[in-house]
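What follows is calculated from the coordinates using simple rules that are stated; it is not laboratory data. Everything numeric in this text was worked out from a predicted model, so none of it was measured. Backbone-built Cβ (ideal geometry, glycine too); neighbour counts: all protein chains shown.
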Amino acid sequence: MDLTHELTSAIAKSFGLFYLIALSVGITVYAYWPSLGKRFEKAANSILDDEDGPCR
């Protein structure tokens, strides 16, 4: 098997495509996982918990 530039380029492009698809699916599943909803809600509201009142 002759390792040419065209072959290595095709392998890299295919691997990169499948890697990015798998990464996107993984991130989407993580973001919409039902048991993590409370953690994300807490993070979204955490900046509001530190406020004592208006700035002086």
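Label points 7 Å out from Cα along the Cβ direction at S9 and A44: separation in nm?
4.6
Per residue of segment 39-44, in order, report the coupling 6.51 cos²θ - 1.76 cosθ + 1.60 (Karplus, θ = phi - 60°) as ³J(HN,Hα) in whole Hz, putting x for Gly and Pro.
5, 5, 5, 5, 5, 5
Just to confirm the filter: which chymotrypsin sites (Phe, Trp or Tyr not before Pro) across segment 1-48 are DSSP coil and have at most 13 other Cβ within 10 angstrom of their Cβ? Walk me through the numbers on the way to the answer.
Values: sites: F15, F18, Y19, Y30, Y32, F40; in loops: Y32.
Listed in order of number, the matching sites are Y32.
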